[in-house]
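Quick notes on the structure that follows.
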Amino acid sequence: MRVMVIGSGGREFAIGRVLKQDPAVTKLYFAPGNGATTMLGENVEIKDYEELAQFAADNAIDLTIVGPEGPLSDGVVDVFKAKGLVIFGPSKAAAQLEGSKVYMKNFLAKYAIPTARYIETDHIGDAFKFIESLTPPIVVKADGLCAGKGVIIAMSYEEAKVAVSEMLSGKSFGDAGKRVVVEEFLDGYELSMFALCDGKDFILLPAAQDHKRLLDNDEGPNTGGMGAYAPTPLVDDTIYEKVKDRIVRPTLSGMQQEGAPFEGVLFIGLMIVNGEPITLEFNVRFGDPECEILMPLLKTPASELFYKAATKQLDTLNVEFHNKYAVGVVMASRNYPYDNSEPAEIIVDDIHHEEIAQNTHIAYAGVISEDGKLYASGGRVLVCVGVGDSIREARDRAYMLCGQVHFAGKKLRTDIAYQALR
């Protein structure tokens with residue numbers, strides 16, 4: 001099988017890594033990939049989706065997997081399918097579940113899927129009035145895509161009103177914030193769940209927990225994610241069944257009724273309140289860094305999983321996962337998430353400890369390659385992943401690997417998976 005992965009981050013590296021290990025995969029492409037994906041396959045520098053689809057046709061690519069939300073919202077899946085190509089990901093119409101927070105919240109309400117009380121508006125007076133009906137903290141979201149940064153948790157009425165004002169004026173997120181969602185803050189614990197969907201059937205992956213804040217103890221600004229672990233012990237079979245019955249099945253049924261069957265990864269951001277799962281948000285692709293820890297837990301060949309999902313055959317697949325835990329620790333660049341950082345050479349020490357060599361790996365994200373050397377190019381640079389028979393073992397291994405990786409200004413949290421180990 002010849003496979004192409006669209007995207008350039010740690011998520012795409014992680015998908016590529018398991019495909020590289022898959023005996024069924026004979027050739028692997030990344031479009032555009034990053035400075036490290038050339039370790040796994042061939043980078044393709046084609047930005048135009050029509051040209052990229054033609055490249056896939058000309059090179060007999062059997063399966064394309066789309067990583068990031070941008071190409072999905074732009075309709076890359078529709079372009080590929082118009083050429084009769086097999087591609088894993090939702091159509092442009094189905095990608096609205098992430099592309100528009102307003103669309104998503106209205107969809108949840110229409111199909112009676114549990115979510116927080118909210119208002120969606122472009123009118124500042126209506127937003128302020130709703131804010132005053134809530135008790136802080138208050139959640140303010142920009143409507144459009146903001147690379148995971150368009151959600152503000154305001155601790156006061158004043159802070160919520162400032163957030164709304166700056167979004168609606170275009171100051172915060174440009175056009176993506178010209179319409180906002182204001183919603184009540186739910187008090188519980190947050191989880192990430194991922195359902196691989198083929199329009200009708202789905203497979204729910206082990207639940208993960210992401211760490212969004214920059215600093216230890218969940219302090220500092222929100223980021224794209226500073227680390228994650230899976231599966232989390234905070235979920236039992238009862239919660240899994242509630243998520244399937246109350247969220248995933250009604251969503252797939254609802255999207256069929258909307259004329260936009262959902263195929264691809266449905267990311268469900270959940271708040272568990274008194275044992276009840278409430279939907280915070282949908283994304284239409286794997287989370288990052290959750291993807292980096294879910295991929296090594298996959299026992300079923302990745303090519304088979306993605307191909308059957310892309311060709312509406314999930315009902316024929318018995319998916320299996322290793323009975324293990326994975327912890328991923330993000331290393332970010334010096335100025336993340338505030339500003340760009342100067343490129344810095346990455347040095348990885350030789351690993352002589354067999355336990356670490358066999359049970360850890362690096363998923364590269366914000367890196368460039370020059371003269372055979374890797375450089376941190378800004379943002380989230382890489383994820384150190386540890387796998388073990390317990391969360392503690394996986395975490396300890398991940399941090400041992402962190403100690404082997406060096407670049408100027410490296411920044412990381414030291415408490416990933418603390419919720420599970422308290």
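The values are calculated or read from the model by the stated rules, or taken from the named source; none is laboratory data. Remember, predicted model here, so these are calculated numbers, not experimental data. Virtual Cβ from ideal backbone geometry, glycine too; neighbours counted across all protein chains shown. Remember, those area values only see protein heavy atoms, side chains included, never the ligands or the DNA or RNA. Shrake-Rupley method; radii C 1.70, N 1.55, O 1.52, S 1.80 Å.
Observations
- Only listed residue being without any contact (Cβ under 8 Å) to a residue 40 or more places away in the chain and either farther than 30 Å from Lys312 by Cβ or more than 20 Å from the chain's Cα centre (by Cα) (or both), chosen from Gly188, Gly220: Gly220
- Criterion applied to Gly75, Gly99 was being among the small types (Gly, Ala, Ser) and at positive phi, and the one residue passing it is Gly75.
- Out of Asp78, Asp126, sole residue that is in contact with a Ser or Thr (Cβ under 7 Å, 6 or more places away or on another chain) and either modelled with pLDDT under 95 or assigned to a helix (DSSP H, G or I) (or both): Asp78
- The condition of being over 17 Å from the mean Cα position of the chain (by Cα), closer than 28 Å to Gly7 by Cα, surrounded by fewer than 23 Cβ atoms within 10 Å (Cβ to Cβ) and modelled with pLDDT of 95 or more holds for Thr300.
- Within segment 98-123, considering residues that are among the β-branched types (Val, Ile, Thr) and outside any loop (DSSP other than H, G, I, E, B), the one surrounded by the fewest Cβ atoms within 10 Å (Cβ to Cβ): Ile119
- Criterion violated by Thr238 - all others in (1) among the β-branched types (Val, Ile, Thr); (2) at pLDDT 95 or above; (3) buried (at least 20 other Cβ atoms within 10 Å of the Cβ) satisfied: (3)
- Test: residue in segment 250-264 that is over 23 Å from Lys141 (Cβ atoms), open to solvent by 40 Å² or more (accessible area, probe 1.4 Å) and in contact with a strand residue (DSSP E or B) (Cβ under 7 Å, 6 or more places away or on another chain): no
- Positions within segment 154-170 being open to solvent by 60 Å² or more (accessible area, probe 1.4 Å), more than 14 Å from Asp122 (Cα to Cα) and not in a helix (DSSP H, G or I), in sequence order: Met155
- Checked against (1) in contact with a helix residue (DSSP H, G or I) (Cβ under 7 Å, 6 or more places away or on another chain); (2) crowded, with 16+ Cβ neighbours inside 10 Å; (3) not hydroxyl-bearing (Ser, Thr, Tyr), Leu191 passes all but a single condition, namely (1).
- Long-range neighbours under 6 Å by Cβ, at least six apart or interchain, first residue closer than 16 Å to Asn323 by Cα within segment 288-310, second surrounded by fewer than 20 Cβ atoms within 10 Å (Cβ to Cβ) and among the hydroxyl-bearing types (Ser, Thr, Tyr): none
- 1 or more residues closer than 25 Å to Leu266 by Cα, open to solvent by 10 Å² or more (accessible area, probe 1.4 Å) and out of contact with any Phe, Trp or Tyr (no Cβ under 9 Å at 6 or more places or on another chain): qualifying strands (runs of 3 or more DSSP E) within segment 1-72: 27-32
- Hits in segment 100-114 (condition: of a type outside the set (Lys, Arg) and modelled with pLDDT under 95): Ser100, Val102, Tyr103, Met104, Asn106, Ala109
- Flag for Leu134 being touching a Gly at 6+ places or on another chain (Cβ under 7 Å), part of a loop (DSSP other than H, G, I, E, B) and not aromatic (Phe, Trp, Tyr): no
- All of (1) in contact with a Pro (Cβ under 8 Å, 6 or more places away or on another chain); (2) under 30 Å from Gln256 (Cβ atoms); (3) crowded, with 19+ Cβ neighbours inside 10 Å hold for Glu183 with one exception: (1).
- Test: residue in segment 123-130 that is acidic (Asp, Glu) and either in contact with a Lys or Arg (Cβ under 9 Å, 6 or more places away or on another chain) or within 23 Å of Phe262 (Cα to Cα) (or both): no
- Evaluation of Lys92 against (1) within 30 Å of Met4 (Cα to Cα); (2) open to solvent by 30 Å² or more (accessible area, probe 1.4 Å); (3) in contact (Cβ under 8 Å) with a residue 60 or more places away in the chain (one fails), failing number: (3)
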